[in-house]
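> Questions regarding the structure given below will be posed in turn.
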Amino acid sequence: MPAESSRIGLTTTVPVEVLLAAGQVPADLNNIFVSDADPDRLVDRALEEGFPQNSCAWLKGIFGAVMGDRSISRVVGVVRGDCSGTELLLEAFESRGLEVIPFTYPYPPFREDVGREVLRLCGRLGTTLAEAEECREMLSGPRWLLAEIDRECWKGNRVTGAEAHLWMVGSSDFNGDVTAFTLGAESFLSDARRREPLSERKGLPFAREVRLGYIGVPPITPGVFDLAESLGARFVFHEVQRQFSMPPDAAPDEAGNARPARDIVEQYINYTYPYTVAHRARDINLQASRRRLDGIVHYVQSFCHRNLEDVVFRKLLRPPMLTVECDCPGGLGASARARIENFVQVLGENQ
């Protein structure tokens, strides 16, 4: 692996193949923030530096994570297709001496435009498209394992919602070590396949477990997954986390059949999250039918422009949907807990 000084931060999923081809160690700043022993201190660091109280906690946490990690001197930030505040976040980093590299998911995602962005990133990091393609081939192994972990969650019913979330959200940077990530995924999958199906666990309050889908940005409060299972439900679909893992059916055809990407450019065209809500809704409806979802929880982050996605989702999604809003890291608030409990109760009683 490259030296520790080669760590490069990223604000969300970017073409990680390019970073690896350039000999960089990718570090997803969201994962660093939310997995910190005391994420609130990272938020407080940003507040001390002048971030407004009513700004997104993810932005504040990411800023605090970078300021507290001297091994990160460069940050790739997605300035179109993720967070509306990333441009100013990059300016904040640049004003403090960090090198910033903006990346854009063009809209509409025409091949020429997406290809130009991937090539520009290659040039900025000193690698080539051919070398990035070699890394994409190398990542096919761990990505296949992630697809199998997801399958064991929704079909084999042997993987919890929290476990599936953690493995797939980790694929944005492969925890900075592709080899270790792959070995860990192999071991986890082998162990999981020996479990008794969670769908047949005893003590369920309903005739069967309630099957939930999770859509929206990964949660700042991951306890939502364990809460669901304590209520007799389980998340068997994780929309954005699954897209991070680049599944072969990320962008299925109208019949729902897999349409694997031919190359790195097509892979990041098929990646639905940065583009339209309507396109994401089609994928969600297909997965809802395939995974037999009883309902969907739409997680939204306080002070985030993506809260407006609710307007489109409520028009286009077929299953019942509950919207839950959270702000800071930590446990779910009483209001969010109560709303999830009521939602699961209604779904369970109306199976």
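The values are calculated or read from the model by the stated rules, or taken from the named source; none is laboratory data. Small disclaimer: the values here were computed from a predicted structure and weren't measured. Quick reminder, even Gly has a Cβ in these numbers, built from the backbone with ideal geometry, and neighbours come from all protein chains shown. Accessible surface is based on the protein model in full, side chains and every heavy atom, while ligands, DNA and RNA are left aside. Shrake-Rupley method; radii C 1.70, N 1.55, O 1.52, S 1.80 Å.
> Out of Arg195, Arg124, Arg116, Arg96, I need the residue that is of a type in the set (D, E, K, R), in contact with a Lys or Arg (Cβ under 9 Å, 6 or more places away or on another chain) and farther than 25 Å from Ser289 by Cβ. Which one?
On the way: Arg124 fails: in contact with a Lys or Arg (Cβ under 9 Å, 6 or more places away or on another chain); Arg116 fails: in contact with a Lys or Arg (Cβ under 9 Å, 6 or more places away or on another chain); Arg96 fails: in contact with a Lys or Arg (Cβ under 9 Å, 6 or more places away or on another chain).
Within the list Arg195, Arg124, Arg116, Arg96, the selection yields Arg195.
> Moving on. Do any strands (runs of 3 or more DSSP E) lying entirely in segment 1-113 carry at least 1 residues that are open to solvent by 30 Å² or more (accessible area, probe 1.4 Å), and which ones are they?
On the way: elements: 7-10, 25-28, 74-80, 99-104.
Passing ranges, in order: 7-10, 74-80, 99-104.
> Quick test for you: out of Ala288, Ala281, Ala336, pick the one residue that is touching a helix residue (DSSP H, G or I) at 6+ places or on another chain (Cβ under 6 Å), open to solvent by less than 30 Å² (accessible area, probe 1.4 Å) and not β-branched (Val, Ile, Thr). Full working, then the answer.
Values: Ala288 fails: touching a helix residue (DSSP H, G or I) at 6+ places or on another chain (Cβ under 6 Å); Ala336 fails: touching a helix residue (DSSP H, G or I) at 6+ places or on another chain (Cβ under 6 Å).
Being touching a helix residue (DSSP H, G or I) at 6+ places or on another chain (Cβ under 6 Å), open to solvent by less than 30 Å² (accessible area, probe 1.4 Å) and not β-branched (Val, Ile, Thr) holds for just one of Ala288, Ala281, Ala336, which is Ala281.
> Let me confirm something: among Glu137, Glu196, Glu186, which residue is closer than 25 Å to Ser230 by Cα and not hydroxyl-bearing (Ser, Thr, Tyr)? Spell out how you get there, then give the answer.
On the way: Glu137 fails: closer than 25 Å to Ser230 by Cα; Glu186 fails: closer than 25 Å to Ser230 by Cα.
Result: Glu196 is the single residue among Glu137, Glu196, Glu186 that is closer than 25 Å to Ser230 by Cα and not hydroxyl-bearing (Ser, Thr, Tyr).
> For a quick check of your reading of the model, give me the residue pairs whose first member lies in segment 312-334 and is without any contact (Cβ under 8 Å) to a residue 24 or more places away in the chain, whose second is open to solvent by 70 Å² or more (accessible area, probe 1.4 Å), with beta-carbon atoms closer than 7 Å and at least 6 apart or on different chains.
Here the result reads none, with nothing in segment 312-334 linked to a residue that is open to solvent by 70 Å² or more (accessible area, probe 1.4 Å).
> Continuing with the same structure: Please go through segment 152-183 and pick out each residue that is closer than 27 Å to Leu231 by Cβ, touching an Asp or Glu at 6+ places or on another chain (Cβ under 6 Å) and not in a helix (DSSP H, G or I).
Arg158, Val159
> Just give me the residues in segment 233-246 being open to solvent by 10 Å² or more (accessible area, probe 1.4 Å) and either part of a loop (DSSP other than H, G, I, E, B) or closer than 16 Å to Glu325 by Cβ (or both), in sequence order. Lay out the reasoning, then the answer.
Initial filter on segment 233-246 (open to solvent by 10 Å² or more (accessible area, probe 1.4 Å)): 244, 246.
Met246 - this is the single residue of segment 233-246 that is open to solvent by 10 Å² or more (accessible area, probe 1.4 Å) and either part of a loop (DSSP other than H, G, I, E, B) or closer than 16 Å to Glu325 by Cβ (or both).
> For Ser230, all conditions in the list (1) touching a residue at least 24 places away in the same chain (Cβ under 8 Å); (2) out of contact with any Phe, Trp or Tyr (no Cβ under 7 Å at 6 or more places or on another chain); (3) closer than 28 Å to Leu347 by Cα; (4) open to solvent by 10 Å² or more (accessible area, probe 1.4 Å) hold save one; what is the number of the exception?
Only one criterion in (1) touching a residue at least 24 places away in the same chain (Cβ under 8 Å); (2) out of contact with any Phe, Trp or Tyr (no Cβ under 7 Å at 6 or more places or on another chain); (3) closer than 28 Å to Leu347 by Cα; (4) open to solvent by 10 Å² or more (accessible area, probe 1.4 Å) is unmet by Ser230, namely (1).
> Under the condition of being in contact (Cβ under 8 Å) with a residue 12 or more places away in the chain and open to solvent by 50 Å² or more (accessible area, probe 1.4 Å), which residue from segment 134-146 is nearest to Asp173 (Cα to Cα)?
Keep residues of segment 134-146 that are in contact (Cβ under 8 Å) with a residue 12 or more places away in the chain, which gives 134-136, 138-139, 141-143, 145-146.
With open to solvent by 50 Å² or more (accessible area, probe 1.4 Å) added as a condition, the list becomes 134, 138.
Values: Glu134: 17, Met138: 14 Å.
Filtering segment 134-146 for residues that are in contact (Cβ under 8 Å) with a residue 12 or more places away in the chain and open to solvent by 50 Å² or more (accessible area, probe 1.4 Å), the one nearest to Asp173 (Cα to Cα) comes out as Met138.
> Within segment 309-330, restricting attention to residues that are open to solvent by 40 Å² or more (accessible area, probe 1.4 Å) and under 19 Å from the mean Cα position of the chain (by Cα), which residue is nearest to Val297 (Cα to Cα)? Reasoning before the result, please.
Within segment 309-330, the first condition is being open to solvent by 40 Å² or more (accessible area, probe 1.4 Å), and the residues that meet it are 311-312, 314-316, 318, 320, 325, 327-328, 330.
When the remaining residues are screened for being under 19 Å from the mean Cα position of the chain (by Cα), the result is 325, 327-328, 330.
Values: Glu325: 10, Asp327: 16, Cys328: 18, Gly330: 19 Å.
Among them, the one singled out is Glu325.
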